[in-house]
Amino acid sequence: MPIEGIGARRAQWVVGLVVLTVGIVSATVVASAGASTSAAFVEGPNCDAPPPTIPHAPAGTIVFFNPPTVFVRVDADGSPAQVTTNTGCAPRTSDRFLIEIGGGPEAVGAPSELVDIVMALTFSGDWRETGRWHEV
């Protein structure tokens with residue numbers, strides 16, 4: 001049944017255009033809703049890969065290996081205040097945990113209680129930039 005005042009062919013074109021517009025708007029809303037929730041937590045592309053192993057090298061060759069490390073800044077009470085990693089990933093239980101003391105380059109091994117506290121936190125933010133401190 002044609003819309004009054006518009007021919008049948010033009011009515012089909014108008015209905016098709018409306019359906020297409022509704023489809024595009026719906027897809028955009030769904031995509032933006034998904035993007036806003038997934039952007040809250042971002043990691044590098046290799047975060048789910050198994051931890052690296054130290055390669056074997058011929059005698060006389062120097063091999064440098066920087067293990068996955070989590071640096072923890074603590075507040076005056078000794079609670080975690082900020083966390084960063086050298087991997088582009090959020091902290092993993094398999095990482096080495098160090099406490100930064102006095103904002104300087106020295107770091108000491110974190111006690112297991114502090115590691116447990118850090119691993120119990122829910123992480124958010126973009127972890128792809130290594131060395132970027134995240135508030136906890």
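Of all residues in region 112-129, those that are over 15 Å from residue 96 (Cβ atoms), touching a residue at least 24 places away in the same chain (Cβ under 8 Å) and hydrophobic (A, V, I, L, M, F, W, C) total 4. Exactly one residue out of 122, 84, 130, 93 is in a loop (DSSP other than H, G, I, E, B), in contact with a Gly (Cβ under 9 Å, 6 or more places away or on another chain) and polar (S, T, N, Q): that is 130.
For residue 124, the requirement of being closer than 19 Å to residue 48 by Cβ and either more than 14 Å from the chain's Cα centre (by Cα) or of a type in the set (A, V, I, L, M) (or both) is not met. Among the residues of region 96-119, the ones that are loosely packed, with under 13 Cβ neighbours inside 10 Å and either in a strand (DSSP E or B) or among the acidic types (Asp, Glu) (or both) come to 5 in all.
Annotation note: Cβ proximity below 8 Å between a residue of region 53-74 that is within 15 Å of residue 88 (Cα to Cα) and a residue that is at pLDDT below 75 and outside any loop (DSSP other than H, G, I, E, B) (sequence gap 6+ or interchain) occurs for 71/107.
The values are calculated or read from the model by the stated rules, or taken from the named source; none is laboratory data. These numbers were taken from a predicted model, which means no experiment stands behind them. A quick note on method: Cβ atoms are made from the backbone with ideal geometry, for glycine too, and the neighbour counts reach across all protein chains shown.
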